[in-house]
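Participant: This structure is in structure tokens; I'll ask about it shortly.
The values are calculated or read from the model by the stated rules, or taken from the named source; none is laboratory data. Please read these numbers as outputs of a predicted model, since none were measured by experiment. All Cβ positions, glycine included, derive from the backbone under ideal geometry; neighbour counts span all protein chains shown. Quick note on the areas: whole protein, heavy atoms, side chains included, nothing else; ligands and nucleic acids left out. Shrake-Rupley method; radii C 1.70, N 1.55, O 1.52, S 1.80 Å.
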2 protein chains.
Amino acid sequence: MKSSSRLSAVLHALMHMAAHRGPMTSEVLAQCMSTHPVVVRRTMSGLREAGLVTSTKGHNGGWSIACDMEKTTIRDIHEALGEPAVYAIANSNDAPQCLLEQAVNAALDDAMKEAEALLLARFQSLTLAQIAGDFTERLRQRHRHKDH
Amino acid sequence: MKSSSRLSAVLHALMHMAAHRGPMTSEVLAQCMSTHPVVVRRTMSGLREAGLVTSTKGHNGGWSIACDMEKTTIRDIHEALGEPAVYAIANSNDAPQCLLEQAVNAALDDAMKEAEALLLARFQSLTLAQIAGDFTERLRQRHRHKDH
DNA sequence: TTTCATGTAACTTTATCTATTACATGAAAT
DNA sequence: ATTTCATGTAATAGATAAAGTTACATGAAA
């Protein structure tokens, strides 16, 4: 399976944008995320449509955060990305005739839906501000280390 | 994302094997699962190594269940398949230097590990016998429909 | 000894995510 | 005005992983 890292990448970009005064260009963000500027634009376009970020052209242009870090959750970001599939596991057939396969699918779906609901609930309870707070905590830890 | 359907396919095969007296060939199983016999062998080899099924060559050869349906869980099957990745979502970088990215990864990992633990716990609480039981229930339902 | 069926390596196909190129649009600086 | 900077987006290429296929070896039963 090939897994997507868009959610992780976008969150990383948002953290940099939050820690930076003024817009950041796709090129700079792409360097942070070791990817291509066009990939940044493509990925961020979903967030722009959702009103979570803004982009401006020309000199001093680039990307800026346009949402409340305290209120915006990981789930909001996930939705803005188009709610990509969470699981790498899927049924081999979505509407099987075979009753045996139906029973298998029902059992798997049950378990997976429950786990997905938990994951989305956790995403919903986690704000950008909390992640930023964890960052400052890590910064403190690092400085404490250096001092001794 | 391209999701793997091996778990679903293998469970479907096991249900057919349980409902069938005597070994089933890879070719017949492949037809049930609309796939290729070699894919069946490849996929089932993990289960054979785990002792969950046996395979015999030659005339009247094929695959047979070798485990207790009451005691074998979906999680056992998942493990026998090599515990393939559950998520289609991953961090873009597993050991980032950037503290911002570390904070993002930690937040995502937390939520995802918890959801994965729940999923695996559900898998562990679900036996092959339960799925087979659900099948007979569905069969009953279908017959009831026909009778009215 | 022939036939059937698995075991497995090697290769091909297919699907999907990511990267890149190319060009259009528009805003600021000169 | 025109140049420069930066995004917007379509189109194409590359990379990767799962599934499909081919080919041939192994071994058991008829």
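Participant: Pull up the stretch B:49-96, narrow it to residues that are of a type in the set (Val, Ile, Thr) and at pLDDT below 95, then point me to the one that is farthest from DNA strand D (Cβ to nearest atom). Step through it out loud before you land on a result.
Facilitator: We begin by selecting, within the stretch B:49-96, every residue of a type in the set (Val, Ile, Thr); these are B:53-54, B:56, B:65, B:72-74, B:77, B:86, B:89.
Pick out the ones that are also at pLDDT below 95 and you get B:86, B:89.
Numbers: B:VAL86: 11, B:ILE89: 14 Å.
Restricting to residues being of a type in the set (Val, Ile, Thr) and at pLDDT below 95, the top hit is B:ILE89.
Participant: A further question on this structure: Among the residues of the stretch B:67-74, is there at least one that is within 10 Å of chain A (Cβ to nearest Cβ) and surrounded by fewer than 19 Cβ atoms within 10 Å (Cβ to Cβ)?
Facilitator: no
For every residue, the table says whether it meets (1) away from DNA strand C (no atom under 12 Å from the Cβ); (2) more than 14 Å from chain A (Cβ to nearest Cβ); (3) under 21 Å from A:GLN102 (Cβ atoms).
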site: B:SER5; (1), (2), (3): no, no, yes
site: B:SER8; (1), (2), (3): yes, no, yes
site: B:LEU11; (1), (2), (3): yes, no, yes
site: B:MET15; (1), (2), (3): yes, no, yes
site: B:LEU29; (1), (2), (3): no, no, yes
site: B:VAL38; (1), (2), (3): no, yes, no
site: B:HIS78; (1), (2), (3): yes, no, yes
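Participant: Let me confirm something: among B:THR54, B:THR73, which residue is in contact (Cβ under 8 Å) with a residue 12 or more places away in the chain and under 30 Å from A:LEU120 (Cβ atoms)?
Facilitator: Of the residues listed, the single one that is in contact (Cβ under 8 Å) with a residue 12 or more places away in the chain and under 30 Å from A:LEU120 (Cβ atoms) is B:THR73.
Participant: Filter the stretch B:99-138 for residues that are more than 7 Å from chain A (Cβ to nearest Cβ) and in contact with a Cys (Cβ under 9 Å, 6 or more places away or on another chain) and give the result.
Facilitator: Hit for the stretch B:99-138 is B:LEU128, nothing else.
Participant: Moving on to the next point. For residues that are within 8 Å of DNA strand D (Cβ to nearest atom) and at pLDDT 95 or above, scanning just the stretch A:1-27, find the one that is surrounded by the most Cβ atoms within 10 Å (Cβ to Cβ).
Facilitator: A:SER26
Participant: Further question on the same structure: If I go through the stretch B:33-66 residue by residue, how many of them are of a type in the set (A, V, I, L, M, F, W, C) and buried (at least 19 other Cβ atoms within 10 Å of the Cβ)?
Facilitator: Selection size over the stretch B:33-66: 8.
Participant: Still on this model: Select from the stretch B:123-138 the residues that are touching a residue at least 24 places away in the same chain (Cβ under 8 Å) and either open to solvent by less than 60 Å² (accessible area, probe 1.4 Å) or within 13 Å of the chain's Cα centre (by Cα) (or both) and list them in ascending order.
Facilitator: B:PHE123, B:GLN124, B:LEU126, B:THR127, B:LEU128, B:ALA129, B:ILE131, B:ALA132, B:PHE135
Participant: Would you confirm whether any residue within the stretch B:97-115 is modelled with pLDDT under 90 and over 21 Å from B:THR54 (Cβ atoms)?
Facilitator: yes
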